[in-house]
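A quick write-up on the structure given underneath.
The values are calculated or read from the model by the stated rules, or taken from the named source; none is laboratory data. Keep in mind that this is a model prediction, so the values were computed, not measured. So basically every Cβ, Gly included, is an ideal-geometry build from the backbone, and we count neighbours across all protein chains shown.
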Amino acid sequence: MSIWRFAQGFDSVPEQFRITLGEGDTPLIRSEKIGPQAGLANLYFKLELANPTGSFKDRFGAAAISHMLANKKRVCIATSSGNTGASLAACCAKAGIPCKIAVVETAPEGKLKQMRAYGAEILRVRKFGLDPDATQQAFDLLKQRATQPDTALQVSSFIYSPAGMSGVQTISYELAEQTTRPIDHVFCPAGGGGLTLAVCRGFRRLVEQGQLEKSPAVECVQPEGNNTMAGPLRDGMDRGQAITCTTKISGLQVPNINDASLVVTACRASGGTGHLVTDQNVWSTQKRLAREEGIFSEPAGATALAGVLQAAANGYFKPDAHIICLITGFGFKDEESIGRMVEDVPIREIDVEGLATC
């Protein structure tokens with residue numbers, strides 16, 4: 001199975017150009033502990049960490065590289081904080097084309113190693129992903145490089161790579177198949193906003209085609225230190241805002257507007273709003289996912305759940321609300337966060353005889 005079974009539902013390409021790693025069709029499971037403890041009997045996790053390279057970005061990578069092949073592009077240049085780069089590098093390896101990735105200054109080593117394992121060339125850019133001016137300058141230079149006839153710039157954002165991002169809409173199509181009752185809320189983590197916008201657009205298309213009566217409320221969750229869209233959405237503003245990024249949550253460090261203004265409009269139209277959470281809240285939620293649900297997520301992948309729990313504590317939901325939480329990336333992608341999670345579980349060094357009394 002792959003996203004291409006939904007080829008009629010996004011910006012597709014002829015079959016001979018389609019690249020796939022087997023992405024998509026990820027599990028949807030009910031929360032057995034965290035949800036009920038928060039008074040949420042119908043909280044479900046969409047496990048996007050089950051994609052081939054460990055994140056939802058494989059949906060983007062497969063669509064983006066397929067479009068490159070269909071348009072005779074043979075060099076991929078990209079920007080990434082980690083997961084986009086891993087997905088693009090893997091798809092480029094399968095397609096047999098070179099991949100050059102400009103990564104944010106704070107990209108975790110685990111993600112960089114994964115990109116390098118697929119053979120991608122990595123360029124770590126100082127201040128990229130933290131300072132909005134440096135980030136915009138990097139984008140401008142990469143766009144100029146991508147004007148060469150054989151080259152395409154891939155950024156997991158609708159304003160830069162709409163064809164690739166349309167593949168992420170398949171999350172909504174799968175959720176519509178996997179649920180037997182209407183979904184009330186879908187919580188999405190946001191850095192640049194592409195995932196949240198894709199979910200909004202996917203559900204909107206299902207409504208327009210008569211496959212759903214109405215869209216769920218799509219909820220945008222951001223760390224407080226990357227408040228480009230969640231705060232403006234919550235506060236009634238009509239567009240996103242550029243900020244100086246201070247969050248330590250890798251993957252959600254995008255100080256520029258990117259898709260933020262589009263997210264504000266789309267989420268509001270769906271009935272959703274913005275939610276801001278602290279980094280500490282994200283880290284504690286990541287740990288709870290592992291200890292209480294057996295789900296090993298990176299911090300960015302736990303951010304949506306941090307937003308769910310904060311909203312529940314503030315009385316945001318109806319008692320029987322049907323809530324989907326996107327868990328977007330696998331735990332091994334962020335080695336530093338793993339160290340933080342296991343500090344209270346030391347390794348005991350013993351002799352063989354010690355096994356008799358352990």
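Points worth noting:
- Test result for residue 300, over 17 Å from the mean Cα position of the chain (by Cα), in contact (Cβ under 8 Å) with a residue 40 or more places away in the chain, in a helix (DSSP H, G or I) and under 16 Å from residue 189 (Cβ atoms): no
- Here the condition is being surrounded by fewer than 24 Cβ atoms within 10 Å (Cβ to Cβ), in contact with a strand residue (DSSP E or B) (Cβ under 8 Å, 6 or more places away or on another chain) and under 24 Å from residue 139 (Cβ atoms); of 65, 97, it holds for 97 alone.
- Those helices (runs of 4 or more DSSP H) lying entirely in the range 11-109 with at least 1 residues modelled with pLDDT of 95 or more, closer than 19 Å to residue 332 by Cα and not acidic (Asp, Glu): 57-70, 83-95
- Residue match in the range 8-30 (condition: among the small types (Gly, Ala, Ser), within 17 Å of residue 175 (Cα to Cα) and crowded, with 19+ Cβ neighbours inside 10 Å): yes
- Count of residues meeting criterion [of a type in the set (S, T, N, Q) and more than 21 Å from residue 335 (Cβ to Cβ)] in the range 282-314: 2
- Residues being touching a helix residue (DSSP H, G or I) at 6+ places or on another chain (Cβ under 7 Å) and at positive phi are entirely absent from the range 268-283.
- Of the helices (runs of 4 or more DSSP H) lying entirely inside the range 186-285, those containing at least 1 residues that are over 21 Å from residue 139 (Cα atoms), without any contact (Cβ under 8 Å) to a residue 60 or more places away in the chain and among the β-branched types (Val, Ile, Thr) span 194-208, 260-270.
- Of 41, 78, all but one fail to be in contact (Cβ under 8 Å) with a residue 12 or more places away in the chain, under 18 Å from the mean Cα position of the chain (by Cα) and either surrounded by fewer than 22 Cβ atoms within 10 Å (Cβ to Cβ) or closer than 12 Å to residue 91 by Cβ (or both); the exception is 78.
- In this entry, residue 340 passes the filter for residues that are within 17 Å of residue 278 (Cα to Cα) and free of Cβ contacts under 8 Å to residues at least 60 places away in the same chain.
- Residue match in the range 40-59 (condition: more than 30 Å from residue 184 (Cβ to Cβ), out of contact with any Asp or Glu (no Cβ under 7 Å at 6 or more places or on another chain) and not polar (S, T, N, Q)): no
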